[in-house]
Amino acid sequence: MPVPKQKKGRGAVHTRRSANMKIDAPARSVCPRCGAVKLPHHVCGNCGFYKDREVIVTE
Ligand SMILES: [Zn+2]
C-alpha cells in the first residue's frame, strides 16, 4: 500500500480541512401558519401543524 513520502505540514492540513470539513448551518424554513422558524419537513414546534393538519395538540 502506498504511503505518503512526507508528513503534511500544519498549513497544508489546515488548508485541506478548511476546504473539505466545512459544516453548513442547519436548514430552516418558516412555518406558513404561524411564521415561526422550523426545520423543513418537520412539524412546527410552535403551533404543532404540518401540512395544514394539527399533528401535536398545543394550547
Ligand atoms: Zn407553526
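Take the residues in the stretch 1-26 that are of a type in the set (A, V, I, L, M, F, W, C) and open to solvent by 100 Å² or more (accessible area, probe 1.4 Å), then tell me which one is nearest to ASP52 (Cα to Cα).
Of all residues in the stretch 1-26, those of a type in the set (A, V, I, L, M, F, W, C) come to 1, 3, 12-13, 19, 21, 23, 25.
Going one step further and asking which of them are open to solvent by 100 Å² or more (accessible area, probe 1.4 Å), we end up with 1, 3, 21, 23.
Numbers: MET1: 57, VAL3: 58, MET21: 38, ILE23: 32 Å.
Residue satisfying both the conditions and the ranking: ILE23.
Within the stretch 27-52, the residues that satisfy the criterion of being away from the ligand (no atom under 12 Å from the Cβ) and open to solvent by 90 Å² or more (accessible area, probe 1.4 Å) are ARG28, HIS41. Taking every residue in the stretch 1-27 that is in contact (Cβ under 8 Å) with a residue 24 or more places away in the chain and closer than 30 Å to PRO40 by Cα and pairing it with any residue that is open to solvent by 100 Å² or more (accessible area, probe 1.4 Å) and part of a loop (DSSP other than H, G, I, E, B), at least 6 positions away or on another chain, yields no pair with a Cβ-Cβ distance below 7 Å.
The values are calculated or read from the model by the stated rules, or taken from the named source; none is laboratory data. Just so you know, these numbers come straight off a predicted model, no measurement behind them. Here the Cβ is made from the backbone with ideal geometry for all residues, glycine too, and neighbour counts use every protein chain on show. To get the accessible areas, we keep the full protein, side chains included, count just its heavy atoms, and leave off ligands, DNA and RNA. Shrake-Rupley method; radii C 1.70, N 1.55, O 1.52, S 1.80 Å.
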